[in-house]
Structures are given as structure tokens and as C-alpha cells.
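Please treat every number below as a calculation from the coordinates, not as lab data. Predicted model only: the values in this text are computed from it and were never measured. Glycine also receives a Cβ, built like all others from the backbone with ideal geometry; neighbour counts cover every protein chain displayed.
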Number of protein chains: 2
Amino acid sequence: MTDHDIQSQILSETANLGRTLGQAHRLNLLETIAQGERSVERLGELTGLSIANASQHLQHLRRAGFVQTRRDGKRVLYRLGDGPVLELLTALRQYVEHQRTEIGAFVDDSRHQLNRVEGISRHQLLKRLEQEAVTLLDVRSEEEYALGHLPGALNIPLEELESRLAELPLDHEIVAYCRGPYCVLSVDAVTALCAKGLNARRLERGFLDWRAAGLSVETL
Amino acid sequence: MTDHDIQSQILSETANLGRTLGQAHRLNLLETIAQGERSVERLGELTGLSIANASQHLQHLRRAGFVQTRRDGKRVLYRLGDGPVLELLTALRQYVEHQRTEIGAFVDDSRHQLNRVEGISRHQLLKRLEQEAVTLLDVRSEEEYALGHLPGALNIPLEELESRLAELPLDHEIVAYCRGPYCVLSVDAVTALCAKGLNARRLERGFLDWRAAGLSVETL
DNA sequence: AAAACATTCAATTGATTCTTTGAATGAAAA
DNA sequence: TTTTCATTCAAAGAATCAATTGAATGTTTT
């Protein structure tokens, strides 16, 4: 077998896996199985599928190695396969998570009140930092913060913001930032902070722009 | 929006991503783009697709956020998106890698000469270990070895076996093992070792079975 | 051995998806 | 402006895939 053939065989095997994950019902089944061994009937119930249909999807999952079966009396129980299935699911979930915090071209801005939030450019921020007290607030996840953040920035992931308000100053300005211009985290953060009466604005183009401009980045 | 609705929306968004990865041509394009920014024409050449077809697939990838574009003169250049795309691709590749070392129900055993390799059961192994000198050889990857292995086993991943033959004893028996009964690594290892004149056998049900039996496991 | 039961298989229908073709954009060069 | 060129769009036929139905399989219970 030539090198090229092997490559294209791997590619189509990979595509098969992708296709297997490319069906909401199957993903649903897989996530359900990830929570524990179940019979076909139970899986059908839990996912709202007819038994025959569930069975068919389950076999698709089995062919891909995502699940394995064993017999227990007259039932067949499905469990996760022993490859790195969870790792793959986690990578997928993390990607989706990231996608959902991006402002897509078609996402309605009204849900995240982008226009009502005051922005500040990188240049304005640099001037401010020289002149007066400004608290830099990084609202991305701890992992992203650890990989690099603006020097001196405080990290409070958006989900923790409400419970950690006490860490923020009441007397001077807060500038919140997240990944980039299309990241929605800082918009929501500033909206929340302003609602609490804090003086908060949003760094317009976020961390990606800061790093791209060659400005210094702090890591953990 | 109810909780259930959000869940099923996430599920179908995830399925969309899966479907996007579920096409060999698209995966090929994506892997090519991962190696550097390229125009549509070049990508078409490199992947053997018509330009219109390549363009269509590229837009599919773009809708999923896997790639982004910029214009340079009269060309449109495609690059990777700024989400955790590589992480996802890596997880996929690792899963495929794992799959390819499993003996599928339909895989032809003749490629991996399973029947020509002498197996040894867990019980036989335990007896042997009490009586005589046996070298235990773990042919899985370093990562898997680090997560747990049979006590005292030597780790030489299959790929390194040929170059590290000197580490193995000529005078007494070697028992090689890998993940489980369907893992092909130890089969290939024993075939290679026997061909070199070493006295090697294969632990029939591998590490998974050992751990499942509650026997002691060593970690790094 | 027969009945009851959970699961799987097979065949059909309807819906998506892929490729190709040729036309339409839209930016740069003449 | 007009021409050129890379890319995208749109439509149509071919191929693949999902859900449903009813029958078949293989266990357990009677």
C-alpha cells in the first residue's frame, strides 16, 4: 500500500467518525451512555427514539468504536468504548463552548446588548493605564488566562463574576476584556457590572488584538 | 428558552460540527490549511478538488468556524479559525490512532499474524512470575504506560522496539502485552521479536484485563 | 418444547448531501 | 471604463443517510 493510499484511508476513517458524531440523536445517545451503562429500551426512552431507530444508531456508534455491548439476561447493555472517547467528546464540547461565545455574523446583537456597552480602544487603554488607576479584568476561563493575559489583569471568569463582585473596586474604572472583537464574554460582563453600579467599560478588540500588536503578555 | 431547548440546540450545533468533519475532502482541506494560509486555487490543487467544489467545502468549514478568510489582492486566503481547532483535530487523530491498533471484528487477522503468535493467560503468567525469570514488556505508548502498567514491566513502545532490542534479555522469556485482547500492538511486537530470535510470547488479554482482575498496578 | 421478550435486521420512503456545470460577483489591471 | 481573473453562487442529477414498519434472532421463563 502506498503512502498516499494510507493517508487517504486514514482520512476516510476519520471522516466516518465525524459522520458518526454528526447526528444529534447519536450524540445524545453517546452522552447518555457516558453517564452509565444502559439497555437499548432505556436509551430509547431517555432520548425519545423508537427502539428500532435507537438500535440502529447504537450500532453505528459501535462500528465507530464509541460504544461496546454486553449481554445481561435478555437485555443488551451499552457502555462507552475503551478508546479515548471522552477526550474526543470533551474536545468537541470545548469547541462548541468557544463557538457559542463568539458573535457570529448572524447572531442577533440584541441578546448581548453590544450597542449599549461602552468600548475603549487599545490606544485609549494604554493612555489611561499611564495616567490613572484602572482595574483590568479578564473574564475568560482560568485556562485561557493561564496561557497569557494583559499584565496585571485580574481573572474572574464570567460565570463567577456575580459571586466575586467584592474583589472589584468601587472607586475607579474597570476595563473588562476577553478574546477578541467577536467574543461576547466581556460584553455580558460589562452589562452585569454596570447594572450593579460599577464603572465598567469593554476593551474593544480584546486579548488577541493586544498580543497581535506585540504588547507584553503575562503568563502563569 | 427552556433548559431542554438549550440542550437540544447545543446538541444540534455539535452535530453540525461533526457533520462538517464527516467528509474526507473537508478534513483534507482543514489539515492542509493547518499547515499554512492558502488560496482556494492552491487548496483545490493540493486536495485534488475542482475549484467550485473546494470553495463550497471551504465555506462549510468557515460556517463551522474551523477556518477564516482574508483577501490579498484578487485571492482569498484561508487560515485556521481562532477557536480550539487544532485541539479538536488532535483529539480526532488520537482516537483514530487508537482505533487503528484495535482488531476490529472484520479486520483480516492475516495482516497481523494473530494465529501464529503464542499466547499466555493471566494465570499462566502469574505462575511463571513466581517460578522463573520473565521479562514483562509493555509495548503501549509512554502516556499509557505512565497511567498504569504491570509491576516491573519495561516500557518500549512498538515503534521503538527495533532500535531498542539491546535492552531485552536473550536468555529468558519475554512476555509482551498491550491494552487488551483486541489490541494489535503486542501481536506485532511478538512477531518482530520472534523473527529476531528472541523467546517472546503475548499476554492474551492485556492490561485492561489485568486491572479488571484487581491485580496491582504500578504508575509513574 | 413453547411462549414471551428485548434487540436486531431488512426493505421502503423521504430527506440531505455531494459533485458538476455554467453563470454571477467583485477586486485589480489595462 | 473595460477587461481579466479568482472566487462564489445556483441549479440539477447522483449518491447517501435517517425513520418507519414488520419480520427475524436469540434469551429467558413457563
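Laid out as a table, the results:
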{"item": "Listed residue (B:Q56, B:G44, B:N28) projecting farthest to the positive dipole end of the range B:1-75, Cβ model", "result": "B:G44"}
{"item": "Amide proton proximity set for A:L154, modelled H, under 5 Å, gap of 5+", "result": "A:L136, A:L137, A:D138"}
{"item": "Largest-first principal axis extents, alpha carbons of the protein assembly as shown, Å", "result": "78, 52, 46"}
{"item": "Neighbour-count order for A:D82, A:D138, B:D188, fewest beta carbons within 10 angstrom listed first", "result": "A:D82, B:D188, A:D138"}
{"item": "Per-copy distances of the B:L208 label point, shortest first, in nm (7 angstrom along Cα→Cβ)", "result": "4.0"}
{"item": "Mean separation of Cα contacts under 8 Å, 6 or more apart, over the residue count of chain A: relative contact order %", "result": "16 percent"}
{"item": "Two-decimal log10 I(q)/I(0) for the range A:174-220, as the Debye equation yields it once each C-alpha is a single scatterer, q = 0.30 Å⁻¹", "result": "-1.01"}
{"item": "Charge dipole magnitude, Cβ of K and R +1, D and E -1 - the protein assembly as shown, Cα centre, debye nearest 20", "result": "1320 debye"}
{"item": "Distance (nanometres) between label positions extended 7 Å along Cα→Cβ at A:R100 and B:K196", "result": "5.1 nm"}
{"item": "Within the range A:115-140, backbone nitrogen closer than 18 Å to the virtual label 7 Å beyond the Cα of B:E13 toward Cβ", "result": "A:140"}
{"item": "Rounded Å value of the spacing that divides the Cα centres of the range A:37-72 and the range A:21-35", "result": "10 Å"}
{"item": "Label distances, nm, A:E142 versus same residue in remaining copies, Cβ-directed 7 Å point", "result": "2.8"}
{"item": "For chain B, calculated [θ]222 nm from helices alone, where every DSSP H run of n ≥ 4 adds -39500 (n - 2.57)", "result": "-14000 deg cm²/dmol"}
{"item": "Estimated FRET transfer efficiency (B:D82, B:S216; beta-carbon r; R0 60 Å; 0.05)", "result": "0.85"}
{"item": "Percent of beta bridges antiparallel (DSSP, the protein assembly as shown, rounded to nearest 5)", "result": "45 percent"}
{"item": "Unmatched cysteines, chain A - criterion: no other Cβ of a Cys under 4.7 angstrom", "result": "A:C194"}
{"item": "Copies compared at A:I6 - label distances in nm, ascending, label defined 7 Å from Cα in the Cβ direction", "result": "4.7"}
{"item": "Reach of A:K127 by Cα under 16 Å, taken over aspartates and glutamates that are not fewer than 8 positions away in the same chain", "result": "A:E173, A:E204"}
